[in-house]
Amino acid sequence: MKKLFTKIRKEFDNRTRLGIMSMLVVNDWVDFKTLKEMLGLSDGNLASHLKTLEKNDFIKIKKEFIGRKPQTSYAVTDLGKKAFTDHLDALEEIIRQSK
């Protein structure tokens, strides 16, 4: 069981980052506004958590203009998807072994 705890990532311990990654793993790209509304966060709070995930290369960013309005969208990287999947798998196994 000790080996399982090494797969638990500190970056996903936070409810907000867990929510961000959950949304990004099942969608190709999600824009800032959608993440903000779905997670019920302020601009600054969301930006802070996204920065943490970006710093760890778990997400990638796309900036574009839709009409004349800027839009920032996010997607999970292969590294991020693997790290997140390993994290969830470890949690599931810990729960399974605890029963």
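Rule-based calculations on the coordinates, nothing more; no lab input. It should be emphasised that the depicted structure is a prediction, and the values quoted were computed from it without experimental measurement. We place every Cβ from the backbone using ideal geometry, glycine too, and count neighbours over all the protein chains shown.
Side notes on the structure shown:
- Fully extended contour minus Cα-Cα distance, from THR34 to ILE61, at 0.36 nm per residue: 8.3 nm
- Kyte-Doolittle mean at least 1.0, axial Cα span of 27 Å or more - DSSP H helices of the chain: none
- Candidate aspartates and glutamates for bridging to LYS62, where Cα separation is under 18 Å - those fewer than 8 sequence places away on the same chain excluded: ASP28, ASP31, ASP43, GLU54, ASP78
- Using a simple spin-label model with pseudo-atoms 7 Å out from Cα toward Cβ, SER42 and ILE94 lie 3.0 nm apart.
- The chain: relative contact order in percent, alpha carbon pairs under 8 Å with at least 6 residues between: 36 percent
- Extension gain for the segment ALA75 to THR6, taken as residue separation times 0.36 nm less the Cα-Cα distance, is 22.3 nm to one decimal.
- Shape of the chain, Cα gyration tensor, a/c cut at 1.5: prolate
- Within a straight-line Cα-Cα reach of under 29 Å, LYS2 can be paired with the following lysines, leaving aside sequence neighbours fewer than 8 residues apart in one chain: LYS10, LYS55, LYS81, LYS82, LYS99.
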